[in-house]
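A short worksheet on the structure shown next.
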Amino acid sequence: MKIGFFTDTYFPQVSGVATSIKTLKTELEKKGHEVYIFTTTDPNAVGIEEDIIRMPSVPFVSFKDRRIVVRGMWYAYLIAKELELDLIHTHTEFGAGLLGKMVGKKLKIPVIHTYHTMYEDYLHYIAKGKVVRQSHVKYFSRLFANHTTGVVCPSERVIDTLRGYGVTSPMRVIPTGIELEKFERPDITEAMKKELRQDLGILDDEIMLLSLSRISYEKNIQAIVHGLPAIVEKLPQARLVIVGKGPYMEDLKELVASLSLSDCVHFVGEVPNDEVALYYHAADYFVSASTSETQGLTYTEAMAAGTPLVVEGNDYLNNLIDDPSFGVTFATDDDFAAALIQYINKGLQVDSKKLSAKLYEISATHFGEAMLDFYHDMIAYYANLSLEKETEPAIKKIKVKLYSFKRTSN
């Protein structure tokens, strides 16, 4: 099968969407399929990039580190036609996504879409939420999704939201898988973990809590910081390590200072991809109070590293953390401190057998297999729809003739 991915974000841009696309591409290619990336130009992209087609783009308003395709339909169509694509998979509702839909329509092939982002959680970035409103998101999302062959939803939250929007296209929940070997890392030794903790000023008998994400308001790291005084009161050895960068960094540092927590909180900034696993392994617990995730790859990455999770729950996470040894979810921001203290005091050990079964569920291998099943189902579905459209005029003529025959007979 030849598949074209249309996306506004791809490496060297770093994001959860780019990572999931790259993971899926790798898995599909392992199974003998050909995958081509139709994406934006990027000033940081250098050299010849195999199977990547870049189209003219500009920085996206309010997200300067993201870009959006501004032209190139004919160019993309000619290449897609030359490649003889069997299916198009869009990963954005904007520039490249719209382009992919138009190319798919012209080539008369199925267009699958993954709804990666819960836009309602990000409206404050666009003119402080005064221009684009929830009703606009609902209308546009419904319009986009209902004009695709089928929709991939990374979690139950996404599929429930889209149903609420009025989306009627076939939808399937397929959580994004991760490359387990990048995070299991048996090569990471106790000495390496100890050295990192020492570099962070964390002693052997202290508890390292890890927050790893983009530092933005909707990631709700501030809720973790607000809960820290109550945690330190009961567990004075607790230390919070915040890894990442983003627009809310200075506000968060001011909050830490205002709560007199500077001795308990360490801001690391962004770390190279190949060092992320070391932070997961060095940490005692992974913590998050984010409510904006459609899925959240950091949760499964931490799980693959064997680090227990203490995170704000939703349908996806409550299902993911289905054994106490994996971690615990809490209901609201105010419940974080108590949930963490109680979980730490239990002193649970990871159940290796249950974890092994869970890791297959969140693996890239399972992700690729599930996506291929959906592709095949949607190709068959598209063929049936096309056949119905082709035969509809003939059926109408037959109905008219039958109606006329009945009238003359009477």
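The values are calculated or read from the model by the stated rules, or taken from the named source; none is laboratory data. None of these values were measured; they are calculated from a predicted model. Note that we place each Cβ from the backbone using ideal geometry, even for glycine, and neighbour counts take in every protein chain shown. The area values use the complete protein model at the heavy-atom level, side chains included, leaving out ligands, DNA and RNA. Shrake-Rupley method; radii C 1.70, N 1.55, O 1.52, S 1.80 Å.
Grab the other residues whose beta carbon is less than 14 angstrom from that of Leu359, score K and R as +1, D and E as -1, and report the net. Around Leu359, the surrounding residues sum to -3.
Extension gain, Thr26 to Asp334, is 106.8 nm, computed as 0.36 nm per intervening residue step minus the present C-alpha separation. If you plug the beta carbon distance of Ala230 and Val14 into 1/(1 + (r/R0)^6) with R0 = 30 Å, you get a FRET efficiency near 0.30. Estimated from the Cβ-Cβ distance and a Förster radius of 22 angstrom, the FRET efficiency linking Ser352 and Asp187 is about 0.75.
Take 105-111, 184-190 and order them by the average number of nearby Cβ atoms within 10 Å per residue, most first; the result is 105-111, 184-190. Counted residue by residue at 0.36 nm each, then reduced by the alpha carbon distance between them, the extension gain from Thr391 to Gln237 reaches 48.2 nm. Per residue, the Cα convex hull of segment 264-365 amounts to 122 Å³. Let me know the whole percent of all Cα-Cα pairs from segment 186-328 that are separated by more than 18 Å. That fraction is 55 percent.
In this structure the amide hydrogen of His266, modeled in the peptide plane, comes within under 5 Å of the amide hydrogens of Leu240, Val241, Ile242, none closer than 5 places in sequence on its chain. For the residues Thr114, Thr391, Thr161, a GNM of the chain with alpha-carbon springs under 10 Å puts the largest fluctuation on Thr391.
Counting only protein heavy atoms and a probe of 1.4 Å, the accessible surface of the chain is 53% carbon and sulfur. On full extension, the segment bounded by Asp377 and Ser135 gains 84.0 nm, given 0.36 nm per residue less the C-alpha separation. Between His116, His281, His376, the residue with the greatest mean-square fluctuation in the GNM of the chain (Cα pairs under 10 Å linked by springs) is His376.
A Cβ-based charge dipole, computed about the Cα centre of the chain with Lys and Arg at +1 and Asp and Glu at -1, lands at about 2780 debye. Each residue, Asp160 and Lys245, gets one label point 7 Å from its Cα in the Cβ direction; the gap between the two is 3.6 nm.
For Ser363, the residues 5 or more places off, or on other chains, whose built amide H falls under 5 Å of its own are Ile178.
Extending 7 Å from Cα along the Cβ direction at Ser260 and again at Met1 yields two label points whose distance is 6.0 nm. The alpha-carbon atoms of the chain, seen along their principal axes, cover 92, 55, 48 angstrom, with the largest extent given first. Among 259-272, 213-226, sorting by the average number of other beta carbon atoms lying within 10 angstrom of each residue, highest first, gives 213-226, 259-272. Would you give the gap between the C-alpha center of segment 271-289 and the C-alpha center of segment 65-108, rounded to a whole Å? Between the Cα centre of segment 271-289 and that of segment 65-108, the gap is 36 Å.
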